[in-house]
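Asks: Mind looking over this structure? Questions follow.
The values are calculated or read from the model by the stated rules, or taken from the named source; none is laboratory data. The structure displayed is predicted, hence computed values, not measured ones. Cβ placement follows ideal geometry from the backbone for every residue including glycine, while neighbour counts extend to all protein chains displayed.
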Amino acid sequence: MALADVIEAVPTDRSKAGSGDIAPVNIAVGGPLADRRGDMRRRFGDTGFVKFTGLGDPRDVERVLGTLYRLWMRSDPDARPIEAPIPWDADAFHAALIALRGNHPKAFAKIYDTMQISTALQSLAIADPITAAAAGVLETDPDGVAITGAMLRMDPPDDRRNALAWHQEFPHYPLNTNPADGCVLWMPLQDMEDASGAFKLCLGSHMEGVLDAGVAHCDRPSYYASEQHRIPDWRVARFEQTRPSVEAGDALCFAMTTFHATGENVSNRIRLTFGVRFHRTDGEGFSPGRFRHEPSPS
Ligand SMILES: O=C(O)CCC(=O)C(=O)O
């Protein structure tokens, strides 16, 4: 089944739309997806997400942060060893990364890009408890899932360039034509409270189906900015929002259709979060596809 078959052009109530909203907003509610709403509710409940406490092994998390520190030492012309029991947890390390991003954006981007494909990050993504948790939510076994987009986000304070606006995950990773056959596992690498940019979700929004606004309206102004598939404010406003409290190593597993967004980081530290997408490989219309290499700026 092709992507176009998943996104059905069903007229929707646009009475709440404000001026400036993007034009066509359709939602997959009928046809083949109607049969899949049962999968969606059974796997993601009424809220659209499941919380796991203490899922990430602290040693795996340390390995990711240690790799980040090591890359910084190697890449920042101003780097000096940080004298602290855990250097990558020191405010001075966060301050140095924030300064590097401002003074040497290409060096920062290369650290960021390297982290994404580092063995430390990839190992975290396929760590047994994480794979088992996601496979369990998707009602299969760990060998019945594949991953895409294992990612470390590094969001500096007050960053609006990379903060993700309200979106669904489906348009970024449309591998399963049944969106209930995929999920996102998101985990902060530090304790996360409102000031440090708690994760935002819209309760129950996963039952909306796939919004074609998200698929059609991609926005990525530069290499340094995140790709955005924004959901219009009027549609977000129809849902109650939540910001689950999470500590380092806790995880949220949510549906590919759940509306979610980056919280505002008003702390003085970089917001370090991990995410990975899981896909059932046995579903109808599963399309793994191939991913292209886009060179880092030099
Ligand atoms: O952690 C975040 O800021 C948001 C991550 C996210 O929305 C995503 O990976 O889709």
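Asks: Is the range 78-95 home to any residue that is in a helix (DSSP H, G or I), touching a strand residue (DSSP E or B) at 6+ places or on another chain (Cβ under 8 Å), at pLDDT 95 or above and not assigned by TED's automatic domain parsing to the domain that holds residue 146? Don't jump to the end; show me each part of the working.
Replies: Of all residues in the range 78-95, those in a helix (DSSP H, G or I) come to 87-89, 91-95.
Filter once more, keeping what is touching a strand residue (DSSP E or B) at 6+ places or on another chain (Cβ under 8 Å): none.
No, because not a single residue in the range 78-95 is in a helix (DSSP H, G or I), touching a strand residue (DSSP E or B) at 6+ places or on another chain (Cβ under 8 Å), at pLDDT 95 or above and not assigned by TED's automatic domain parsing to the domain that holds residue 146.
Asks: Also, quick follow-up: Do we have residue 44 as within 20 Å of residue 128 (Cβ to Cβ) and in contact (Cβ under 8 Å) with a residue 40 or more places away in the chain here?
Replies: Details: within 20 Å of residue 128 (Cβ to Cβ): no; in contact (Cβ under 8 Å) with a residue 40 or more places away in the chain: yes.
In short, no.
Asks: Somewhere in the range 228-249, is a residue more than 12 Å from the ligand (Cβ to nearest atom) and under 12 Å from the mean Cα position of the chain (by Cα)?
Replies: The answer is no, given that none of the residues of the range 228-249 is more than 12 Å from the ligand (Cβ to nearest atom) and under 12 Å from the mean Cα position of the chain (by Cα).
Asks: Return yes or no: is residue 184 modelled with pLDDT under 90 and either under 23 Å from residue 250 (Cβ atoms) or away from the ligand (no atom under 12 Å from the Cβ) (or both)?
Replies: Working: modelled with pLDDT under 90: no; either under 23 Å from residue 250 (Cβ atoms) or away from the ligand (no atom under 12 Å from the Cβ) (or both): yes.
So residue 184 does not fit the description; no.
Asks: What single numbered condition from (1) assigned to a helix (DSSP H, G or I); (2) assigned by TED's automatic domain parsing to the domain that holds residue 189; (3) within 16 Å of the ligand (Cβ to nearest atom) fails to hold for residue 153?
Replies: It fails just one condition, (1).
Asks: If residue 282 satisfies every condition in (1) within 14 Å of the ligand (Cβ to nearest atom); (2) more than 22 Å from residue 111 (Cα to Cα); (3) charged (D, E, K, R) but one, which is the exception?
Replies: With respect to (1) within 14 Å of the ligand (Cβ to nearest atom); (2) more than 22 Å from residue 111 (Cα to Cα); (3) charged (D, E, K, R), residue 282 is out only on (1).
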